[in-house]
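Q: After the structure tokens below, expect a handful of questions from me.
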Amino acid sequence: MSHYFYDPAAGHGLPHDPFKAIVAPRLIGWISSRDPEGALNLAPYSFFGAFATFPPIIGFSSEGRKDSLANIEATGEFVWNLATRPLAEQMNRSSAPVAPHVDEFALAGLTPAPGRNVAVPHVAESPAALECKLLQIVRLHDVDGQPMDNYLSLGQVVGVHIDDAYLKDGLFDTHAAQPIMRAGYRADYAQIGEMFQMFRPTA
């Protein structure tokens, strides 16, 4: 079996960096925040994940000090919104490089719904949203200990919003919600296709 190998520090030698295509699909960190003066922000992040269950903790990484990071540092709150196939165009519009005072909810034609346990609104049109309180912001470092321009924001989920239409027999219907994910290169996205069940062994 033949394998292509490269050291990222030396370059990949391919037409495009395959890293994001290999670590895929990745659920989108569609993050809403509010600055101290009340201006709203909504932006998608390619690097997002869940890190704990009890209590639930999620996080996203910002490449550079973007508006979301500044708002979360200042207020200690943010909301993750589930990006779905019906909301793909609006999600994409919210990624536009606009000035900090521009409201991406309005820019994308989305409705800000008030939070319950945070002062940050969520996307009313999204099937699910997670209200979060900031735990920590970690500036990432490389293997040589050099600080990078990447910042991981970790938040504890303090409120969960679920559209009743996506609750079936008490279970969230992920397939019906049609979440979209980053899946490779600059313009590549994916959505859930066939799902299957596989239970963990008991012994």
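FYI, it's all coordinate maths here, none of it is from the lab. Values in this document were obtained by computation on a predicted structure and should not be read as measured data. As a convention, Cβ positions derive from the backbone with ideal geometry for all residues, glycine included, and neighbour counts pool all protein chains shown.
Q: Show the residue pairs meeting these rules: Cβ distance below 9 Å; 6+ apart or different chains; first residue within the range 184-203 and closer than 22 Å to residue 84 by Cβ; second residue of a type in the set (Gly, Ala, Ser) and not in a loop (DSSP other than H, G, I, E, B).
A: Cβ pairs passing all conditions: 184/21; 184/190; 185/21; 188/21; 189/88; 191/88; 192/177.
Q: Let me ask something else about it. Identify, please: which residue in the range 129-151 is more than 30 Å from residue 87 (Cβ to Cβ) and of a type in the set (A, V, I, L, M, F, W, C) and is, among those, surrounded by the fewest Cβ atoms within 10 Å (Cβ to Cβ)?
A: The qualifying residue surrounded by the fewest Cβ atoms within 10 Å (Cβ to Cβ) is 143.
Q: Okay, next question. Please enumerate the residues belonging to the range 3-61 that are touching a Ser or Thr at 6+ places or on another chain (Cβ under 9 Å) and among the aromatic types (Phe, Trp, Tyr).
A: The answer is 30, 45, 47, 48, 60.
Q: Take the residues in the range 164-189 that are of a type outside the set (Val, Ile, Thr) and part of a helix (DSSP H, G or I), then tell me which one is surrounded by the fewest Cβ atoms within 10 Å (Cβ to Cβ).
A: 164
Q: How many of the residues making up the range 107-141 are acidic (Asp, Glu) and in contact with a Leu (Cβ under 9 Å, 6 or more places away or on another chain)?
A: Residues flagged as acidic (Asp, Glu) and in contact with a Leu (Cβ under 9 Å, 6 or more places away or on another chain) within the range 107-141 amount to 1.
Q: Then there's this: For the range 1-31, give me the residue count where each residue is closer than 30 Å to residue 119 by Cα and not in a loop (DSSP other than H, G, I, E, B).
A: Of the residues in the range 1-31, 5 are closer than 30 Å to residue 119 by Cα and not in a loop (DSSP other than H, G, I, E, B).
Conditions tested, residue by residue: (1) within 18 Å of residue 139 (Cα to Cα); (2) crowded, with 22+ Cβ neighbours inside 10 Å; (3) polar (S, T, N, Q).
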| site | (1), (2), (3) |
| --- | --- |
| 35 | no, no, no |
| 39 | no, no, no |
| 42 | no, yes, no |
| 67 | yes, no, no |
| 79 | no, yes, no |
| 84 | no, yes, yes |
| 101 | no, no, no |
| 105 | no, no, no |
